[in-house]
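Before any comments, here is the structure.
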There are 2 protein chains.
Amino acid sequence: MTETRRVAAAVLIIGNEILSGRTKDANLAYLGLELNKLGIQLREARVVADIESEIIEALDALRAKFDYVFTTGGIGPTHDDITSACVAKAFGQTLIRHPEAERLLRERIAQMGVEVTEARLKMAETPEHAELIENPISGAPGYKVENVFVMAGIPRIMQAMFEGAKPHLKGGVTLESLTVGSYVPEGTIATELSLLQDAYPDIDIGSYPFFFDGRPGTNLVFRGPETDRLEEAAARLCDLIRNLGGEPVEGGVEVPKSDD
Amino acid sequence: MTETRRVAAAVLIIGNEILSGRTKDANLAYLGLELNKLGIQLREARVVADIESEIIEALDALRAKFDYVFTTGGIGPTHDDITSACVAKAFGQTLIRHPEAERLLRERIAQMGVEVTEARLKMAETPEHAELIENPISGAPGYKVENVFVMAGIPRIMQAMFEGAKPHLKGGVTLESLTVGSYVPEGTIATELSLLQDAYPDIDIGSYPFFFDGRPGTNLVFRGPETDRLEEAAARLCDLIRNLGGEPVEGGVEVPKSDD
């Protein structure tokens, strides 16, 4: 039997630095792509400041609504790292110094030859029923509480933790995607495109206009669970493009990201 | 009298392509930085899919909670551009073809020498009580309804619309920021830093660890409304860094973005 269940996830990005514009988030797009490979669709993201009530409110809303929630940021050793305390409160669990996390952390601290400080050991704090997620990069683990995965904000550490989270994830249907582009402007093809979308309700057709090389054009992305259907819809789009005097480009017209 | 009111804003990013990872959002960081220059702090952001109920729910939550909300994306001519219909519904207003928007759009369409299509004219649709925001880049205007500003997703168009939104915005206190970095690791300075934060409750101290040139270090960002206070707190931090054997770097240690 084909697995057709849709599994949905949300990302909760925690940190003043993302909202102030100091740091550009790099985790959202990564997680969107990687989750889809596992058959999990990223359906919502929120960015909140390092404020307890805001973190808890967002976490509670997202964990009730989605199969999985991934948090990034706020699990370091400093005063503004309050994610673990918030996750514990949200789940009504005590914040403990997790024995295995402390062991891993002390091991790494010894390797690095730095001092064992209370602040460093804060990184071993988790809600009492957390399951650890290994962090081969910097020692301090991420963790899972029910359907929530708590990860670091620094991209290479987040990515390593996400690898550790994968065995805990059960995906549903994986969405394939197929892109066709052309120098037919969006406003010229929009009506036919809408009819095509109506004819393929199982496919999500996204339209991305661009202006490149002095000419307007459109890349069209088909996303859905069945490759045959995507190819069928894309073939119909290619006919539409030719009827409008355009030349379809399979894979889409490559344009500099800023114009897309 | 010094203006000390905090003015808070949220950004609502609308579009499947951001969640699928196809497109990396570039508007959030821009708006965070630019809003602060106007004395408006970006306090939350949400990313939602092109689904009516999701857009309306997020919009209603954010517009009730913040002084201003800025939406990006979903105002083009295609079937997946549903932002204006959703904004109209959220405000209980009729979606109309706005006469002045239509005039601007027809003018641009004529300039471009393309066809006037129903799809193109869809870009002139706004909630009935919208105030237009000019779009010098591509003609189709953004608009304002009460405290909500509706803008395009393409960064250079969004930026042009944001310029047009500025005269409508009333800021409060502007937060200044000051950065001091050093090769003292976060876990070494965290305890003293927490005491420093307690001593300066009017300042927000953010701690950003890095690993660069084979050594761990930390950049510390002080944000607050009064430059004198920031300088005072930063001077105390410099002393702390020296006491720990480090060398403070004003402006912060420059590190490649991926390690930050």
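The values are calculated or read from the model by the stated rules, or taken from the named source; none is laboratory data. Just so we're clear, the structure is a prediction, and the values are computed from it rather than from any experiment. Neighbour counts are summed over all protein chains in view; Cβ atoms, including those assigned to glycine, are modelled from backbone coordinates with ideal geometry.
Counting only residues that are touching a residue at least 60 places away in the same chain (Cβ under 8 Å) and not β-branched (Val, Ile, Thr), how many does the range A:162-183 have? The total comes to 11.
Listed here are the residues, each with its yes/no results for (1) under 19 Å from A:Thr117 (Cα atoms); (2) touching a Lys or Arg at 6+ places or on another chain (Cβ under 6 Å); (3) buried (at least 24 other Cβ atoms within 10 Å of the Cβ).
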{"residue": "A:Ile55", "(1), (2), (3)": "no, no, yes"}
{"residue": "A:Tyr68", "(1), (2), (3)": "no, no, yes"}
{"residue": "A:Ile75", "(1), (2), (3)": "yes, no, yes"}
{"residue": "A:Gly92", "(1), (2), (3)": "no, no, no"}
{"residue": "A:Leu95", "(1), (2), (3)": "yes, no, no"}
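Conditions first: (1) surrounded by fewer than 23 Cβ atoms within 10 Å (Cβ to Cβ); (2) in the same structural domain as A:Thr218 (by TED's automatic domain parsing); (3) not aromatic (Phe, Trp, Tyr). A:Glu146 passes all but one, so which condition is the exception? Answer for A:Glu146: the failing condition is (2).
Within the range A:1-34, the set of residues being of a type in the set (A, V, I, L, M, F, W, C) and either part of a loop (DSSP other than H, G, I, E, B) or without any contact (Cβ under 8 Å) to a residue 40 or more places away in the chain (or both) comprises A:Met1, A:Leu19, A:Ala26, A:Leu28, A:Ala29, A:Leu33. In the range B:197-224, what count of residues is obtained for those that are at the interface with chain A (Cβ under 9 Å from one of its Cβ atoms) and more than 23 Å from the chain's Cα centre (by Cα)? So the count comes out to 7. Criterion first (more than 30 Å from B:Gln197 (Cβ to Cβ), β-branched (Val, Ile, Thr) and buried (at least 22 other Cβ atoms within 10 Å of the Cβ)) does A:Ile40 satisfy it? Here the answer is yes, as A:Ile40 does meet what is asked. Total residues in the range A:201-215 satisfying the condition of being surrounded by fewer than 18 Cβ atoms within 10 Å (Cβ to Cβ) and either over 24 Å from A:Lys37 (Cα atoms) or in contact (Cβ under 8 Å) with a residue 60 or more places away in the chain (or both): the figure is 5. Only residues that are away from every other protein chain (no Cβ under 13 Å), surrounded by 19 or more Cβ atoms within 10 Å (Cβ to Cβ) and out of contact with any Asp or Glu (no Cβ under 7 Å at 6 or more places or on another chain) were counted across the range B:225-240, and they come to 2. Do we have any residue at all in the range A:159-182 that's more than 16 Å from the chain's Cα centre (by Cα), modelled with pLDDT under 95 and under 30 Å from A:Arg242 (Cα atoms)? Yes, because at least one residue in the range A:159-182 is more than 16 Å from the chain's Cα centre (by Cα), modelled with pLDDT under 95 and under 30 Å from A:Arg242 (Cα atoms). Per the listing A:Gly92, A:Gly187, A:Gly164, the residue uniquely over 28 Å from B:Phe212 (Cβ atoms), among the small types (Gly, Ala, Ser) and more than 13 Å from chain B (Cβ to nearest Cβ) is A:Gly92.
Among the residues in the range A:57-78, are any touching a residue at least 12 places away in the same chain (Cβ under 8 Å), among the β-branched types (Val, Ile, Thr) and assigned to a loop (DSSP other than H, G, I, E, B)? Within the range A:57-78 (the criterion being touching a residue at least 12 places away in the same chain (Cβ under 8 Å), among the β-branched types (Val, Ile, Thr) and assigned to a loop (DSSP other than H, G, I, E, B)), the answer is yes, since at least one residue qualifies. In the set A:Met151, A:Met123, only one residue is away from chain B (no Cβ under 12 Å), aliphatic (A, V, I, L, M) and buried (at least 21 other Cβ atoms within 10 Å of the Cβ); that residue is A:Met151. Against the list (1) within 25 Å of A:Asp25 (Cα to Cα); (2) of a type in the set (A, V, I, L, M, F, W, C); (3) out of contact with any strand residue (DSSP E or B) (no Cβ under 8 Å at 6 or more places or on another chain), the condition B:Ala235 fails is (1).
Being within 7 Å of chain B (Cβ to nearest Cβ) and at positive phi is the filter here, so list the residues in the range A:1-55 that pass it. Matches in the range A:1-55: A:Gly21 only.
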